[in-house]
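Following: one structure in structure tokens, then a few remarks.
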Amino acid sequence: QVQLAESGGGLVQAGGSLRLSCAASGRTFSTYDMGWFRQAPGKEREFVAVFRRTSTTVYAESVKGRFTISRDNAKNTVYLQMNSLKPEDTAVYYCAASYGLGTARKADYDYWGQGTQVTVSS
């Protein structure tokens, strides 16, 4: 069982930056693929990025070049550095852990956090 807790959300102006953190419980953090998703009001939850246990990273096209995912296995934490934020980045951001291959599919992930709100004002 893995428990995930996101933090770092808030209100920021367009063009600004935020760094989200996701702390995981358990001793096997390094064996999971760790992803970030987001859900805007009235929309489906969508993939943002994944940092695989192989150190491979994958990004959604909409955030490529602006967001950076990283992880610190010693701290059981995955991060999402978000730069050049846009109003359309406004959403609740969720981290997720996958036993298997973490892709853009929500169904690939076994554990989810409760989410942290990010609001970007224009």
Semi-axes a, b, c in Å (a largest) for the range 25-68, each sqrt of 5 times a Cα gyration tensor eigenvalue, come to 22, 15, 7
Can you list the HN-Hα couplings for the range 84-90, worked out from phi with the Karplus curve (6.51, -1.76, 1.60; θ = phi - 60°), rounded to whole Hz and with x for Gly and Pro? 6, 5, 10, x, 6, 7, 4
Sequence gap of 8 or more, or different chains, plus Cα separation below 23 Å: how many lysine pairs satisfy both in the range 1-113? 5
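How far, in nm, would the chain grow between residue 74 and residue 117 when pulled straight, counting 0.36 nm per residue and subtracting the alpha carbon separation?
On the way: separation 43, 0.36 × 43 = 15.48 nm, distance 2.60 nm.
Using 0.36 nm per residue and subtracting the Cα-Cα distance, I get 12.9 nm.
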I need the P(r) histogram for the chain: all alpha carbon pairs, bin width 5 Å from 0 out to the longest distance, whole percents. 2, 13, 24, 27, 19, 10, 4, 1, 0
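Taken together, the values in this text are just the output of simple stated rules run on the coordinates, not laboratory data. Note that the coordinates shown come from a computational prediction; the quantities given were computed from them, not determined experimentally.
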